[in-house]
1. Among Phe154, Phe214, Phe200, which is within 23 Å of Asn116 (Cα to Cα) and out of contact with any Pro (no Cβ under 9 Å at 6 or more places or on another chain)?
2. Given Gln167, Gln151, which one is at pLDDT 95 or above and surrounded by fewer than 19 Cβ atoms within 10 Å (Cβ to Cβ)?
3. I'd like to check something: does the range 103-119 contain any residue that is outside any strand (DSSP E or B) and among the small types (Gly, Ala, Ser)?
4. Within the range 1-50, considering only helices (runs of 4 or more DSSP H) that don't extend past its boundaries, which have at least 1 residues that are at pLDDT 85 or above, in contact with a strand residue (DSSP E or B) (Cβ under 9 Å, 6 or more places away or on another chain) and not charged (D, E, K, R)?
5. Going through the range 185-197 one residue at a time, which ones are touching an Asp or Glu at 6+ places or on another chain (Cβ under 6 Å) and at pLDDT 95 or above?
6. Which one of Phe200, Phe214 is among the aromatic types (Phe, Trp, Tyr) and either at pLDDT below 95 or exposed (fewer than 15 other Cβ atoms within 10 Å of the Cβ) (or both)?
7. Could you please find all residues in the range 145-165 being within 17 Å of the chain's Cα centre (by Cα), assigned to a strand (DSSP E or B) and hydrophobic (A, V, I, L, M, F, W, C)?
8. Glu244 - would you say it is assigned to a helix (DSSP H, G or I), out of contact with any strand residue (DSSP E or B) (no Cβ under 9 Å at 6 or more places or on another chain) and at pLDDT below 95?
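The values are calculated or read from the model by the stated rules, or taken from the named source; none is laboratory data. What you are looking at is a predicted structure, and each value in this text was computed from that prediction instead of being measured. Note that we place each Cβ from the backbone using ideal geometry, even for glycine, and neighbour counts take in every protein chain shown.
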Amino acid sequence: MIRVNGDVSSKELAHAFNVSTMTISRDLNELAKGGEINLIHGGATENENSIVEKPMSIKELTKINEKKSIGKYCNTIITPGSSVFIETGTTTFAVAKEIFHKKDCTFFTNSLLILNSLSKYDEINLHTVPGKYRELSKGFIGIQTTEYVHQFNFDYCVIGAEGIGLQSGVSLMDEDDALTKIAVMKQAKCKILVADSSKFAEDYLYKIGCVSDFDYIITDNNVNKEIYHEIKKRTEMILIDATE
């Protein structure tokens, strides 16, 4: 709840879990000791300096409208009859749900979320790839995946990221995840980066490329306007109104 909302009160938590506020206070103190949260009067906030990667179950609950709107715009880019690799991530998952019906397209993915969601459609031409399963990514990554994708030439790839910056580039927290995305990008003619506005001005250890390496960067219109104008000089950056 803290990771999704940013902050929460002890009373809210006590009501949600049907326990006393004293119990909640003890639990919050333990989390604060580990550096995962910051204590405030009457509750807690997320520790923005924490570099712990959030699980997909948390990411799926954040920026839902923004991700759906980004997916709808991607549907206007992908042309019928194309081959498309959709990488792991909750924003890429939102894209997959908007573009899967595109006529005569062939889809590849290493995302278990996408496979579980789209495999129920008989008419879809959907392929998975081998690799080591990573729970935090909910997908298959690593050397098996990178070697496998080298056999293909994709028309498009749809990539997500944890951090995007002008100087730091596009980055991730996990090395294998980053290397897999780099391999997919090398095999794609058109590279589409999708990320909600919270990912901008963040940077992490493993860089997958510069903003100029992508043909499109698609995000919601809450991104810092100065950052937007600077990135716009380097590549096609699209701001989506999530309320539309």
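1. The match here is Phe154.
2. When all the criteria are applied, what remains is Gln151.
3. yes
4. On the way: elements: 2-5, 10-17, 21-33.
Per the criteria, 10-17, 21-33.
5. Lys189, Cys190, Lys191 - these are the residues of the range 185-197 that are touching an Asp or Glu at 6+ places or on another chain (Cβ under 6 Å) and at pLDDT 95 or above.
6. Selected residue: Phe200, the only one of Phe200, Phe214 that is among the aromatic types (Phe, Trp, Tyr) and either at pLDDT below 95 or exposed (fewer than 15 other Cβ atoms within 10 Å of the Cβ) (or both).
7. Those that are within 17 Å of the chain's Cα centre (by Cα), assigned to a strand (DSSP E or B) and hydrophobic (A, V, I, L, M, F, W, C): Cys157, Val158, Ile159, Ile164.
8. Numbers: assigned to a helix (DSSP H, G or I): no; out of contact with any strand residue (DSSP E or B) (no Cβ under 9 Å at 6 or more places or on another chain): yes; at pLDDT below 95: yes.
When the stated conditions are applied, Glu244 does not pass them.
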